[in-house]
Each structure stands twice: as structure tokens, then as C-alpha cells.
């Protein structure tokens, strides 16, 4: 089997394995968008609903997705392919938290301080700002230019930091398994 065929097969399997996570993120985003059209944003429980959805998503990512990654490690094709898996997982987690932050800010404008609000920010500009914030939070850099102020915002940040810590520990703890699996092939 040629390298190109193996890579194509791997990417197809990767897409199949990660599709439940992609569907979950898309479903949560659709629910957010749908609910935000009909729910009064001034209601006190709306930010906590965003946190609840984020918690469910985090639990799903932690258990189901990591089990899928563990299966992929056992069926390892190459180290580069496993880096693709971890990279896709990191991007998916970062983007999903960016969507969570964006929805939380839509529900309560006072949730975050430091957003560049000069002029009218479109939804994509706000999403980009929160994508940046999510990357900085996930990497544990924390520049402090965007700061969570409310309890739901702080809870979301804590969940993302916990998620990133678990992912890094999971990845590092499986390096030996990856190496052993590749060696036996």
C-alpha cells in the first residue's frame, strides 16, 4: 500500500472517529443560536445554561473522544498521524470554547472585560476575539487583555483550563504507548 493511500485511509478514519465530536459541537452551536433568538438575554439563568451546555460538552470530550484517541493509538499508523489527531482535537476544543464565550457574552455583555469594542463588532469579529482568548487560555498563557468578570465566565475559563490540562496529561502519558505501538509495526 502506498504512502498516499495509507494517508488517505487514515484521514478518512480520522474523520469518521472525530465526526461525533464535530456533530456535538455543531449541535450545541445550533442550540445556542436558536435559543439566543427566543430567550431574553436579561434572564439570570441564561449564562448558567451556557455553562451547563459547556460542561456536558467537556464531559463528552473528556470521556468519549479520549477513548477514541486511545483506540487510535492502539491502531497507530505513524506518529505524524497521531499528531493530526491531537491537533484536530485541540482545534475542536478551542473553537468550541470560543463559541461558548461568544454565547455567554451575548447573554451577558458584562461577562468579559477587554474586548475591542471600537465600532460595531460583527459576530465573526467577536468570535475571532474569543477564539484568540480561547487559544491564550488553552495554552495557559493568560495575557490578561481579555478577563472574565462574572461567575459563569470564570466557570467556563476554569473548564477550558481543566480540559487543556487533561488533554496535555493524556497526550504525554500516552507517548510511550505511541512509541511502543509504532515499534511493533
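The values are calculated or read from the model by the stated rules, or taken from the named source; none is laboratory data. In this text, all values refer to a predicted model and were calculated from it rather than measured experimentally. We place every Cβ from the backbone using ideal geometry, glycine too, and count neighbours over all the protein chains shown.
Numbers below:
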quantity: Cross-chain or 6+ apart pairs with Cβ under 6 Å, segment 123-147 first and within 20 Å of residue 109 (Cβ to Cβ), then modelled with pLDDT under 90 and buried (at least 16 other Cβ atoms within 10 Å of the Cβ); calculated: 126/102; 127/102; 129/115; 130/102
quantity: Any hit, segment 61-68, residues being loosely packed, with under 13 Cβ neighbours inside 10 Å, closer than 24 Å to residue 159 by Cβ and modelled with pLDDT of 75 or more; calculated: yes
quantity: Residue count for segment 46-60, restricted to those that are surrounded by 14 or more Cβ atoms within 10 Å (Cβ to Cβ) and out of contact with any helix residue (DSSP H, G or I) (no Cβ under 7 Å at 6 or more places or on another chain); calculated: 1
quantity: Given (1) more than 19 Å from residue 58 (Cα to Cα); (2) loosely packed, with under 12 Cβ neighbours inside 10 Å, number of the condition residue 147 does not satisfy; calculated: (2)
quantity: Boolean, residue 79 is at pLDDT below 90 and within 28 Å of residue 15 (Cα to Cα); calculated: yes
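This table checks each residue for (1) at pLDDT 90 or above; (2) crowded, with 19+ Cβ neighbours inside 10 Å; (3) within 19 Å of the chain's Cα centre (by Cα).
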| position | (1), (2), (3) |
| --- | --- |
| 104 | no, yes, yes |
| 113 | yes, no, no |
| 118 | no, no, no |
| 132 | yes, no, yes |
| 137 | yes, yes, yes |
| 140 | no, no, yes |
| 170 | no, no, yes |
| 176 | no, no, no |
